[in-house]
Amino acid sequence: MLLHRSLLAVAGLCLGLAAPVLAQVDEPASYLREDRTASPPLMPWQRNLEDALALSRATGKPLLLCVNMDGELASEALAADRYRDPDFVALADGFIPLLASPDRHDALDHTSRGVRIPDSKFGRVTNSEHMEIEPELFERWFDGRRVAPRHVGVSPDGEVLFDLYLLTDLSKIDAALAEFGKFEPVAEAPTIEGAGAEVSAQPEPPPELSEGELLDSPDAAHRDLLEARFVAASTEDRVRLAGAALSPTRTTQHPELLRLALRDPEPVVRAAGITTLAAYPRGAALLHFSLAAQLLGDAPSEERDALLSALQRFATDAPEDVALSAMQHARALRAVGAGSEVVDVEAWLLGSTSGASSEPVADVAWDERLARIEERLAEDPDDPDLNVLFARNGRAYALDLMRTGGDPSFVLEDVRSAADRARNVRPDDGLANGLFAWSSYMLGDFASASEAARRSMRALQAWSSTPLAVDVVDVLADSGARLVYEQLGRREALSENLLADSAAAHEVLIRHPMGTEAQALHAFQLLGAVDLRAAQRRAIELALERWPQSGTMHEWYRWVVLRDEGPDGLLRAYDGRRLAGIDRAQRSSFAGLAKLQAAERRIEERDTQRALEDYRLAFQDLEDAVGASASVGSFARWYQAQARAGRARLFLESGRLDEALAEILLCFTFETPAHDEPDARGVRPRETLRAVRDALLAAGRESDAAALERYVEPPQAADAEPAEQD
């Protein structure tokens, strides 16, 4: 019988599956011969189908396509046993293995430095690689049927040699590998004299490959070696290797080497990576262009022009969906580089103040005032000044209705009509266009709103300190963003003018005294949607300067620093950062949170030692905050508990029980509700304390375990959240 996977939605999201992955029959009760999870995964997976096919042609070895799925008995047994068994791996060595699995086991595929993070369950390949390869394999060899586990052998000429699934006896896989694998002849190892017949000399290791041979090889093992050499190399050698990552004269390309170059700590290496990408984009990925564009920034330059040209060449050779994304990215980069033709950001900010107002004030009821203006309009319906006067007063009436919970729809229609009559007489009237834009936006006509707001911008600069002008800037920003989102959703060519105008209008709002945090968040989201990393970071930094006490802005700032600079960037994120009105306690609190986040990223990058140090630095900053002001005490103690417990958990996982005990005791020397709230890893400090206690008991250290007993159960009453840090 075939079982539908209960977490089908996960598989569908990860792989874009057109049909469910089917699970193997759950009998017998266990397929596990031996639990080898304490040993590392050993299967020599290849990274992608293109590399595997090239190796199959070159070696004559068949492909071995392996499909695996979390939670299914036979799949779990294969991952825990055979894929870690040297004897099984020796059989698999007669093939070119590829893995397809819809399940993610690790948060990241790469460190912030660009180093690969192999899947912790299967080894060698990243999570994304084994998740993304399945549609290709399905289309070519799975005969319209998705099932796991599955093992398919494919000869170099494309013949399916075996297709094994729904097995109750996994040894049939071993038999198929033995029958169809192509194995290199192994010379008999010489016996070492005097050591006994059972002891033999090991074969000579293969000769070390030259750099050129590594560059020519598509084998994942050789790629791993080349990338490791890059990381360990001198700056001069990294520059040279960055220049060799992509080549028009070589079949094998090295996009992962290029990623390392673009993430390198040395500017000269990053520059070499950008030059390589601009010269020969074939073999690159769209992400490389995002990283390179971020490094170059949005100011016009020859390097930026060369990168844009390369991006267009890349799109020409790419599959349709990738080509569309590449062209959209090119349009976005051109838009932000060229800037808006109608929004002069600096001019808009020259006259801005927070106190001026141009809104009419009613000395009588609004409907009576509007009726008086209508009486005069009856004599000359097209009078532009009277129509603008009516529209301005109608806008004030509509705002008053919105404030008091009334329905402004009928008034908005009147405002729009009056403003339109004025525009017909004076097409470039800034107030008329602005009022038409605002009322159209409020009525949901975003295309008309965007066009009219664009026409009003230059004239409304003189009104930049008024609510009306700022509202029209908001109309241009938001209606443009909505239209950009529609174009992206419909997969239409991105309008460069729309994006440039919206981005510039958003910058005005971020920097203007009347701008709001909500408008800033809209800017971040728009720039992120079109992958304008440099522009997005600049917007976030401007917003942090504008609202330095906003916890939300600090969250965004930490996020973008982590994205661009990794945990090292978070350690220095607040060094010299201009934050007006922030005292020492607040600055230290924010810096402590950044270091805490750095520690959490180090854990995801499997860098335990540096995570321990970052936790220590976070605690130190938070302690400084408490010393500077008691008002941040509950906030700081919350995150100090997470730092102490995080260190204790890492010590415990590393087998350093004495240090784990010391840290968890320090964590509970002060009371905080954080002891019972999960950290970024989903672990509660009290859970860590219990785990340390259990480890001590297992080690026969009852007296040490007893020291933790008083903290095992939570106190009766506690708040659930840290105090707000503003």
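Directionally averaged projected area (the stretch 594-681, Cα convex hull): 5.3 nm². Return one number: the angle in degrees, 0 to 90 and rounded to the nearest 10, between the long axis of the Cα atoms of helix 235-244 and the longest principal axis of the Cα atoms of the chain. Roughly 90 degrees, rounded to the nearest 10. As I understand it, the value is the acute angle between the Cα axis of helix 49-59 and the longest principal axis of the Cα atoms of the chain; what does it come to in degrees, rounded to 10? For helix 49-59, the angle is close to 30 degrees. Extension gain for the segment Asp344 to Leu443, taken as residue separation times 0.36 nm less the Cα-Cα distance, is 32.9 nm to one decimal. Simple point charges give the picture: +1 on the Cβ of Lys and Arg, -1 on the Cβ of Asp and Glu, and for the stretch 550-675 a dipole about the Cα centre of about 220 debye.
Hydrodynamic estimate: the Kirkwood radius of the stretch 112-183 over Cα pairs, inserted into Stokes-Einstein at 4 °C and 1.567 mPa s, corresponds to D of 90 µm²/s. Both radii come from the Cα set of the stretch 445-574: Rg as radius of gyration, Rh as Kirkwood radius; their ratio Rg/Rh reads 1.01. Three principal axis extents of the chain based on alpha-carbon atoms, in descending order, are 118, 67, 59 Å. With both labels modelled 7 Å from their Cα along Cα-to-Cβ, the Leu209 to Arg681 distance reads 3.6 nm.
Estimated at 0.36 nm per residue, the fully extended path between Leu521 and Leu49 surpasses their Cα-Cα distance by 165.9 nm.
For the stretch 645-711, the fraction of C-alpha pairs more than 15 angstrom apart is 44%. Principal-axis analysis of the Cα atoms of the chain puts helix 608-628 at an angle of about 40° to the longest axis.
Only helices enter the 222 nm calculation for the chain: every DSSP H run of n ≥ 4 contributes -39,500 (n - 2.57), and dividing by all residues gives -18500 deg cm²/dmol, rounded to 500. What the Cβ-Cβ distance of Arg578 and Asp407 gives, at R0 = 56 Å and to the nearest 0.05, is a FRET efficiency of 0.80.
Normalising by residue count, the stretch 231-338 has a Cα convex hull of 90 Å³ per residue. For the chain, the dipole from Cβ point charges (+1 on Lys and Arg, -1 on Asp and Glu) about the Cα centre works out to 860 debye, to the nearest 20.
Over the stretch 340-515, the hull volume per residue, using the convex hull of the C-alpha atoms, is 116 Å³. Take the Cα of Ala279, step 7 Å toward its Cβ, do the same at Ser654, and the gap between the two points is 4.3 nm.
In sequence order, the stretch 493-502 has phi-based couplings of 4, 5, 7, 5, 5, 4, 5, 4, 5, 5 Hz under the Karplus curve 6.51 cos²θ - 1.76 cosθ + 1.60, θ = phi - 60°, and Gly or Pro positions carry x. Label-to-label distance, Ala529 versus Thr552, with points set 7 angstrom from Cα along the beta-carbon direction: 1.7 nm. Sorting the segments 325-336, 676-687, 32-43 by their residues' average number of neighbouring beta-carbon atoms within 10 angstrom, most packed first, yields 325-336, 676-687, 32-43.
Its Cα gyration tensor gives the stretch 578-726 an equivalent ellipsoid, and the semi-axes of that ellipsoid, as √(5λ) in whole Å with the largest first, are 27, 18, 12. The string of couplings for the stretch 577-585 from the Karplus curve (6.51, -1.76, 1.60, θ = phi - 60°) is 5, 6, 9, 5, x, 9, 8, 4, 4 Hz, one whole number per residue in order, with x for Gly and Pro. Hull surface divided by four, with the convex hull built on the Cα atoms of the stretch 528-628: how many nm²? Taking a quarter of the hull surface, the average projection is 6.4 nm².
Read-outs throughout are calculated quantities, based only on the coordinates presented, and are distinct from any laboratory measurement. It should be emphasised that the depicted structure is a prediction, and the values quoted were computed from it without experimental measurement. When we count neighbours, we look across all protein chains shown, and the Cβ atoms used for this are built from the backbone with ideal geometry, even at glycine.
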